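Scroll down for the structure; my scribbles are underneath it.
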Amino acid sequence: MTETDWAPAFDAPAEAYDRHVGRYGRGLAQALIAAAGVHPGARALDVGCGPGALTAELVALLGPAHVAAVEPSETFAAACRRRLPGVRVENAVAEALPFADDEFDHALAQLVVQFMPDAPAGVREMRRVTRRGGTVAAATWDYGDGMTLLRRFWDAVAALDPSAASLDEATSLRYCTRDELEALWTDAGLSHVRIRDSVLAADYESFDDLWAPMEAGIGPSGVYVTSLDPGPRGALKAELRRRLDVDGRPFRLTARAWIVSGREP
């Protein structure tokens, strides 16, 4: 799996995404909206909306007529349209936003920047469609240390298949650290750049509740799981369960995200 292979990771049922990292989506969206300073009366764009976690929170605050979204996966774009009628949802990429200059007060991207084929171009486009004085903001997971589910997953993969260690999202993805995000925003010409963290939690009914969406092929972790034959897949499942130290009872995991924001000068 390489950087050009991300599309299959998000061409799965929206409900599977909801059960994977989507469990953290609402809380992360609220933290991102607060960091961007979004208030009623503004117009906002959700870049890479997925099934619509951030879009839904923006609609709750601003109303559907004041929110637009873009998503490269038609599967997820269709889910967002279905869930949030009245919102303009375009099947498009961040690097070529189908909107006029200065059209929005805020452009936000949740768990998207690290998957953009050309993140600097994507952030420049977000800046282009944001009015002067508006905000451009994004959130990414702290894959290296703070995102418990994915950290334990890739540690389990490395223990069983050292040749797959390069697929670890902490090393295979860019723009997932404070310094990288700050540099990306600063290099795009944004001012008043700020970085903060947000720690979230998600509840699981059981380990099987956590594992099921991975077998649906969601995200880089899911793509790896579905690439395995039954034997290695079962071994990975057991190793991940051991590392999380959970059983058939409900449990909770935490996840830390980095949030970057800046203003259009």
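Just so it is clear, none of the values below were taken in a lab; they were calculated from the coordinates. Worth saying up front: this structure is predicted, and the values here are computed from it rather than measured. Because the Cβ atoms are built from the backbone with ideal geometry, glycine has one as well, and the counts that use them run over all protein chains shown.
Odds and ends about this structure:
- Crossing angle, helix 74-83 versus the chain [Cα axis fit, 0-90 degrees, rounded to tens]: 70
- Mean projected area of the convex hull spanned by the Cα atoms of the chain, taken over all viewing directions: 12.6 nm².
- Once the Cα atoms are used to define both axes, helix 178-187 deviates from the longest principal axis of the chain by about 30 degrees.
- Proportion of all alpha-carbon pairs of the range 123-265 beyond 18 Å (%): 62
- 3J(HN,Hα) along the range 42-52: 7, 10, 9, 10, 9, 9, x, 6, x, x, x Hz, from the Karplus curve 6.51 cos²θ - 1.76 cosθ + 1.60 with θ = phi - 60°, whole Hz, x for Gly and Pro.
- Percent of C-alpha pairs per 5 Å bin, the range 92-145, short to long: 5, 21, 29, 23, 13, 5, 3, 1
- Highest to lowest packing among 194-205, 214-225, scored as the average C-beta count within 10 Å: 214-225, 194-205
- When each of the peptides 95-107, 45-57 is scored by how many other beta carbons lie within 10 Å of its residues on average, the order from highest to lowest is 45-57, 95-107.
- Using C-alpha pairs under 8 Å with a sequence gap of at least 6, the mean separation divided by the residue count of the chain gives a relative contact order of 23 percent.
- Selection from Ala188, Gly133, Pro72, by position along the positive dipole direction of the chain (Cβ): Gly133
- Peptide packing: for 226-237, 182-193, the average count of neighbouring Cβ atoms within 10 Å per residue gives the ranking 182-193, 226-237, highest mean first.
- Compared with the dominant principal axis of the Cα atoms in the chain, helix 119-128 is inclined by about 30°.
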